[in-house]
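Asks: Below is the structure I would like to discuss, written out as structure tokens.
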Amino acid sequence: MKNFKTIYKTVLCIGLTIILGFVACKKTEEPLTPSDIPEPGYQLAQGNNSYDIRIKAYFERWGTYILYQFTPAQINWKVTGYDTYYKSAPAEEAFVDQQLDLLNETFFQYYADSTLQKYLPVKLFLCSSLQAGTSSQQIDAYLLTMSNGRFGGYQSFAVNGGNSAISNINKVTYRANVNFSFLKMMDLESKMTKSPVFLSLTDYVNAIVGTTVADRYKRGFLASTSGFSDQAQDWQSYIQAITAYPYSYLTDVNTDANDATAKGILSPVKDVNGLIRKKYDALVKHYKDQYGIDIQRIGNGM
């Protein structure tokens, strides 16, 4: 079976629409369900703009289609239909170069080419507007917030920022959001595993009713979790904290035991039983050993 992306490249070159139900994707590895709904065709832009040249180079490195021209059908397509949970608009072409610069600085640089080649979805959509559900609020990427489990289109990831406001984007927040969203997607789709050591340190069976934030910390849970039996939410809450903040903030002792932010979660003020530190160490080590990802480097912004 040929590599999925090689098939895409060959078929797109002759302008045919692909029916994904008849091919296997190396990046997903699980078999696809045959569908009567063909995927809308798409291809890399063929212009000679600086961003077209950069996008082609990215495709050669990672095999991912970075798309700034697309229709609602293309971004919303799923194997069995269309997911319209996210409302999007394509990037404005005048800002695509700046959007690629932003992604280089806040996202791409934190992963080896081999990692992006294997795990970055087939389609990366560059948006000038991206909203989730019925909210009118702009978001930076798919899957933000702990409660959002919507993936958008099949084998797709979408990021915001391709508009005139890009120069005013808070890069620290954008970096945290895009990396959290990407790593959350990898977890929810079981592309990347959880650390057995991390899971073994936590009691997911015996919930405590009416806990304070300090009680959660004692059990090794972060304040952003809403329950005590969901392994995925627990794992993702650590990813969210680590990708959002530098190590100096996570270890800051100038905090309070009932403070609900990530400040000082690795300090004895909040981590009185040492469980948060052990789980943090297990998660960081897991991503380094298994995937070559230094997740704390993302939070450090280095």
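Asks: Cβ-Cβ distance below 7 Å, separation of 6 or more or different chains: which pairs start in segment 277-302 with a residue that is farther than 19 Å from Met186 by Cβ and end on one that is open to solvent by less than 40 Å² (accessible area, probe 1.4 Å)?
Replies: Arg277/Leu266; Arg277/Asp271; Gly301/Arg175
Asks: Tell me, which residue of segment 53-101 that is of a type in the set (Phe, Trp, Tyr) and under 24 Å from Gln137 (Cβ atoms) is farthest from the chain's Cα centre (by Cα)?
Replies: Phe95
Asks: Give me the residue from segment 243-276 that is more than 21 Å from Asp187 (Cα to Cα) and in a helix (DSSP H, G or I) and, out of that set, least open to solvent (accessible area, probe 1.4 Å).
Replies: So, considering only residues that are more than 21 Å from Asp187 (Cα to Cα) and in a helix (DSSP H, G or I), the one least open to solvent (accessible area, probe 1.4 Å) is Leu250.
Asks: While we're looking at this one, here's another question. Residues of segment 278-302 being open to solvent by 10 Å² or more (accessible area, probe 1.4 Å) and touching a Gly at 6+ places or on another chain (Cβ under 9 Å), which ones?
Replies: Within segment 278-302, Lys278 is the sole residue that qualifies.
Asks: Let me ask something else. Does segment 106-133 hold any residues that are of a type in the set (Lys, Arg) and surrounded by 20 or more Cβ atoms within 10 Å (Cβ to Cβ), and which are they?
Replies: Residue satisfying the conditions is Lys123 alone.
Asks: Also, quick follow-up: Please count how many residues of segment 47-81 are of a type in the set (D, E, K, R) and within 14 Å of Gly153 (Cα to Cα).
Replies: Residues that pass the stated criteria total 1.
Asks: List pairs: first in segment 182-206 and free of Cβ contacts under 8 Å to residues at least 24 places away in the same chain and of a type in the set (D, E, K, R), second surrounded by 13 or more Cβ atoms within 10 Å (Cβ to Cβ) and part of a loop (DSSP other than H, G, I, E, B), Cβ under 7 Å, 6+ apart or cross-chain?
Replies: Every condition considered, no pair remains.
For every residue, the table says whether it meets (1) in contact with a His (Cβ under 9 Å, 6 or more places away or on another chain); (2) surrounded by fewer than 17 Cβ atoms within 10 Å (Cβ to Cβ); (3) modelled with pLDDT of 95 or more.
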{"residue": "Gly149", "(1), (2), (3)": "no, yes, no"}
{"residue": "Gly153", "(1), (2), (3)": "no, no, no"}
{"residue": "Lys171", "(1), (2), (3)": "no, yes, yes"}
{"residue": "Phe180", "(1), (2), (3)": "no, no, yes"}
{"residue": "Thr212", "(1), (2), (3)": "no, yes, no"}
{"residue": "Gly220", "(1), (2), (3)": "no, no, no"}
{"residue": "Gln231", "(1), (2), (3)": "no, yes, no"}
{"residue": "Asp234", "(1), (2), (3)": "no, no, no"}
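Asks: Right, next: Which of the helices (runs of 4 or more DSSP H) contained wholly in segment 69-182 include at least 2 residues that are hydrophobic (A, V, I, L, M, F, W, C) and farther than 29 Å from Gln231 by Cα?
Replies: Here the list reads 72-76, 96-106.
Asks: Between Ala158, Ala112, Ala132, Ala165, which is of a type outside the set (D, E, K, R) and more than 30 Å from Val79 (Cα to Cα)?
Replies: That would be Ala165, the only listed residue that is of a type outside the set (D, E, K, R) and more than 30 Å from Val79 (Cα to Cα).
Asks: Oh, and also: Checking the structure you have, find out if any residue of segment 48-59 is modelled with pLDDT under 90, open to solvent by less than 80 Å² (accessible area, probe 1.4 Å) and part of a loop (DSSP other than H, G, I, E, B). Let's see the steps before the verdict.
Replies: In the first step, residues of segment 48-59 are kept if they are modelled with pLDDT under 90; the result is 48.
In the following step, the residues that additionally are open to solvent by less than 80 Å² (accessible area, probe 1.4 Å) were identified as none.
Within segment 48-59, none of the residues are modelled with pLDDT under 90, open to solvent by less than 80 Å² (accessible area, probe 1.4 Å) and part of a loop (DSSP other than H, G, I, E, B).
Asks: Considering each residue of segment 183-200, count those that are in a helix (DSSP H, G or I) and not aromatic (Phe, Trp, Tyr), and give that number.
Replies: Of the residues in segment 183-200, 10 are in a helix (DSSP H, G or I) and not aromatic (Phe, Trp, Tyr).
Asks: Do we find a residue being surrounded by fewer than 22 Cβ atoms within 10 Å (Cβ to Cβ) and either touching a Cys at 6+ places or on another chain (Cβ under 8 Å) or under 26 Å from Glu105 (Cβ atoms) (or both) anywhere in segment 190-207?
Replies: yes
The values are calculated or read from the model by the stated rules, or taken from the named source; none is laboratory data. These figures come from a predicted structure and were not determined experimentally. A quick note on method: Cβ atoms are made from the backbone with ideal geometry, for glycine too, and the neighbour counts reach across all protein chains shown. Side chains included, ligands, DNA and RNA excluded: accessible areas come from the protein's heavy atoms. Shrake-Rupley method; radii C 1.70, N 1.55, O 1.52, S 1.80 Å.
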